[in-house]
Amino acid sequence: MACFFRDDGLSDLIGFEYSNWHADDAIANLVHHLENIADACQDNPGSIVSIILDGENAWEYYPENGYYFLDALYEKISAHPKLNLTTYKDYLSKKPQISNLDTLVAGSWVYGTFSTWIGDADKNRAWDMLGDAKHAFDHAVSQKIIQGERLLKAEKQLAVCEGSDWFWWFGDYNPADTVSDFEHLFRLNLSILYTLINQEAPEYLSQTFTHGSGAPAMGGVMRPGQQSK
């Protein structure tokens, strides 16, 4: 499997800093960083820099949703003698030399851990709820309580409940209104799953289990990463 690793520094500059800069200054700064990386990688012409953002929450803080920044940035890089724009698909189609990794640390781009999804008391409570539902689902399948079309619907509903974004939102650091929406929908979807497997939903699914009070960086779901070394 070919893996690409996000450049936290450059990605976070675009996601959290450059929106407060004049577009020309931000682009000059970014290109300068890329030039330094290119100079450091002269002996490895297949080097690639991965700039990866959550697309939904950076651009609204730029003038004109980032139009001037992106337009000038792509024009600048397209004409640059040392830098090339590419996609992962096009990059891999050129059969670059790929190094093997003996080990890989589990984590995410947020703090280098899974703390965004698990560890907080409210997040852990949600995992317990999901675990209960999964055990109930497995029992219904093993006992052939559900089959055919109903089994397919239950499988799809379980997949909805297993989505990682539910757990992202649970916790005090997120806005109360948004946490309330996701919390209610999570309990509702678990209740629907119990209905599909012909079991009564646990009483706790009628009770709120998490409240928000914070405001994440830039008002969206993403937070600056702190990649562990």
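Working carefully through the options G66, G131, G112, find the one that is part of a helix (DSSP H, G or I) and at positive phi.
When all the criteria are applied, what remains is G66.
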**Report entry** Count - residues of segment 1-46 that are more than 17 Å from the chain's Cα centre (by Cα), in a loop (DSSP other than H, G, I, E, B) and either closer than 18 Å to L85 by Cα or polar (S, T, N, Q) (or both)
**Finding:** 5
Query raised in the report: Any idea which residue in segment 161-181 is farthest from D132 (Cα to Cα), counting only those that are in contact (Cβ under 8 Å) with a residue 12 or more places away in the chain and small (G, A, S)?
Result: A176
Query raised in the report: Quick check, is I77 at pLDDT 90 or above, part of a loop (DSSP other than H, G, I, E, B) and surrounded by 14 or more Cβ atoms within 10 Å (Cβ to Cβ)?
Result: no
Query - Criterion violated by N84 - all others in (1) closer than 23 Å to C41 by Cβ; (2) in contact (Cβ under 8 Å) with a residue 12 or more places away in the chain; (3) surrounded by 11 or more Cβ atoms within 10 Å (Cβ to Cβ) satisfied - result: (2)
Query raised in the report: Out of (1) surrounded by fewer than 18 Cβ atoms within 10 Å (Cβ to Cβ); (2) touching a residue at least 40 places away in the same chain (Cβ under 8 Å), the odd one out for H184 is which?
Result: (2)
Query - Residue selected from segment 109-155 under the condition within 18 Å of L185 (Cβ to Cβ) and among the aromatic types (F, W, Y), by the criterion surrounded by the most Cβ atoms within 10 Å (Cβ to Cβ) - result: W117
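The values are calculated or read from the model by the stated rules, or taken from the named source; none is laboratory data. Just so it is clear, the model here is predicted, and its values are computed rather than measured. Glycine also receives a Cβ, built like all others from the backbone with ideal geometry; neighbour counts cover every protein chain displayed.
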